[in-house]
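A.B. asks: Below is one structure. I have some questions about it.
The values are calculated or read from the model by the stated rules, or taken from the named source; none is laboratory data. Quick caveat, the model's predicted, so the values are computed rather than measured. Don't worry about glycine lacking a Cβ; one is built from the backbone with ideal geometry, like all the others, and counts go over all protein chains shown.
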Amino acid sequence: MKSAIPAVCIAVAMSLGAASANAAPSKALTERQAKAESRLAKALEGRVAGEPVRCLRLTNIRSSQVYDRTAIVYEGLGGVLYVNRPRSGAQSLDRNDVLVTRTSTGDLCSIDIVSLWDPNSRMQSGFVGLGEFVPYKKVARAN
């Protein structure tokens with residue numbers, strides 16, 4: 001019975017150490033998200049949000065950009081930016097990862113899952129469940 005007490009103390013000490021180690025990344029996560037939100041706001045300057053849409057035609061998507069732990073922005077025809085804030089898995093978003101999407105139609109929809117792959121290790125690093133796509137169009141300037 002005496003040997004069980006030190007084992008319990010060690011387990012409690014290890015769990016407290018793990019808890020304090022986990023506290024530091026959550027602060028870094030917040031700072032990383034704040035920077036991503038700032039970059040996203042800058043990208044959307046001079047644009048106005050439209051009504052969210054559930055799907056985008058794949059042939060109309062020109063490029064995509066990941067904002068760490070925040071959103072994926074798809075550029076569509078005419079320079080419209082579609083902001084997708086995933087409904088799940090956003091904490092996996094890393095701007096250095098490659099997005100891999102498998103769809104059974106010609107559309108990318110809010111029900112689709114996007115896999116994230118690390119280009120260096122060539123291993124899957126996470127996935128996100130997409131949300132709705134909010135279009136942001138440039139505001140017409142008055143002369």
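A.B. asks: For Val83, are the conditions met, namely being surrounded by 15 or more Cβ atoms within 10 Å (Cβ to Cβ), modelled with pLDDT of 95 or more, touching a Pro at 6+ places or on another chain (Cβ under 9 Å) and not in a loop (DSSP other than H, G, I, E, B)?
C.D. replies: Values: surrounded by 15 or more Cβ atoms within 10 Å (Cβ to Cβ): yes; modelled with pLDDT of 95 or more: yes; touching a Pro at 6+ places or on another chain (Cβ under 9 Å): yes; not in a loop (DSSP other than H, G, I, E, B): yes.
Yes: the conditions hold for Val83.
A.B. asks: I want to confirm something. Restricting to the stretch 97-119 and keeping residues that are without any contact (Cβ under 8 Å) to a residue 24 or more places away in the chain and polar (S, T, N, Q), which single residue is farthest from Leu56 (Cα to Cα)?
C.D. replies: Filtering the stretch 97-119 for residues that are without any contact (Cβ under 8 Å) to a residue 24 or more places away in the chain and polar (S, T, N, Q), the one farthest from Leu56 (Cα to Cα) comes out as Ser115.
A.B. asks: Is it fair to say Ser64 is surrounded by fewer than 15 Cβ atoms within 10 Å (Cβ to Cβ) and either of a type outside the set (Val, Ile, Thr) or touching a helix residue (DSSP H, G or I) at 6+ places or on another chain (Cβ under 8 Å) (or both)?
C.D. replies: So Ser64 does not fit the description; no.
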